[in-house]
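See structure below.
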């Protein structure tokens, strides 16, 4: 068990964390709070937990936040916390997509590090503005593509970088769900409502919600950069305003080809995130619903099952492993790994030190890449499926 955050931070105060969004009725806010505390690196001390000031105050009270640090708006919170000697050092943004950019801007300008849910923004222009602001302020910006924190994903990345697969030829990514098979948003279900609303989600529905996860994971593991794509975005549920199924052909720089399929109407699938990578010397397969397993097939040899703590496990997987072999480690721990890496980056920045190269997390640049991916896919599909080169 490699992650020993409590002992690692012995004698060091927890990072003071604020949160925007994530109040009553929100799913992802609780996930972030668990992840932030799992390795004992952060302490939640302030929040603007809802756009409704009354709900924000009630949510803060439920979480035990002090009355004077329960804010009715993110603007008030950024100003007040920046002025306090014991103000927050980092903020977690867990709002619907359309609020990511204004909230991040306010806290970056207040001198506060940012941990933001994905996708980065709703437009490429907003993302580019944030990139410039992060570069100007020098603050740490972490994007919570949590699947990059899984131990066997770290292992797969290391194996490909080591040349175990040879030159990469094929990259296939899938992310399949069925929870939007019916028009759930019409029932008032909060999560479905904002995810299918262009004003809050952006131009992409399924592609922004889960397609970006599949794309980010493919880039993270392979180290490849996408050159062109050809996309078909479909809306199968009548009355829905955004796509609920995405099928994309991919051309990677360097010559590799691939496909990405993301769907929220694929009946019988719960959270079927899968990645397959094939090269001149071998192939890898990983499925999120069996996160501790990585299948490796060297060319001409039997298929091998690599496990998180078993034979064949690499140091890169062990570094982000918390629990003994045979015990599940997945979704919450993946988020926690991103928070643990964020803590290391924030502490390094505060000390004026160079960040250790082993510390890995999705950055503001990854967020911009994700927005360019969404934008290109929407444009390709609107043009009835043409190849679009990513700028």
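The values are calculated or read from the model by the stated rules, or taken from the named source; none is laboratory data. Computed from a predicted structure; not experimentally measured. Note that each Cβ is placed from the backbone with ideal geometry, even for glycine, and that neighbours are counted across all protein chains shown.
Summary of computed values
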read-out: Residue, surrounded by the most Cβ atoms within 10 Å (Cβ to Cβ), within the range 217-251, restricted to residues that are more than 21 Å from residue 384 (Cα to Cα) and touching a strand residue (DSSP E or B) at 6+ places or on another chain (Cβ under 9 Å); value: 221
read-out: Count of residues meeting criterion [over 16 Å from residue 212 (Cβ atoms), in contact with a strand residue (DSSP E or B) (Cβ under 9 Å, 6 or more places away or on another chain) and outside any strand (DSSP E or B)] in the range 254-271; value: 8
read-out: Residues within the range 207-244 that are in contact with a helix residue (DSSP H, G or I) (Cβ under 6 Å, 6 or more places away or on another chain), within 14 Å of residue 180 (Cα to Cα) and not in a loop (DSSP other than H, G, I, E, B), tallied; value: 2
read-out: Verdict on residue 144 being within 18 Å of residue 294 (Cβ to Cβ) and within 15 Å of the chain's Cα centre (by Cα); value: no
read-out: Residue 128 surrounded by fewer than 24 Cβ atoms within 10 Å (Cβ to Cβ), in contact (Cβ under 8 Å) with a residue 24 or more places away in the chain, under 16 Å from residue 370 (Cβ atoms) and over 17 Å from the mean Cα position of the chain (by Cα); value: yes
read-out: Within the range 171-206, tally of residues that are surrounded by fewer than 24 Cβ atoms within 10 Å (Cβ to Cβ), at pLDDT 95 or above and out of contact with any helix residue (DSSP H, G or I) (no Cβ under 6 Å at 6 or more places or on another chain); value: 14
read-out: From the options 325, 381, 309, 357, residue that is out of contact with any helix residue (DSSP H, G or I) (no Cβ under 7 Å at 6 or more places or on another chain), more than 21 Å from residue 34 (Cβ to Cβ) and buried (at least 20 other Cβ atoms within 10 Å of the Cβ); value: 381
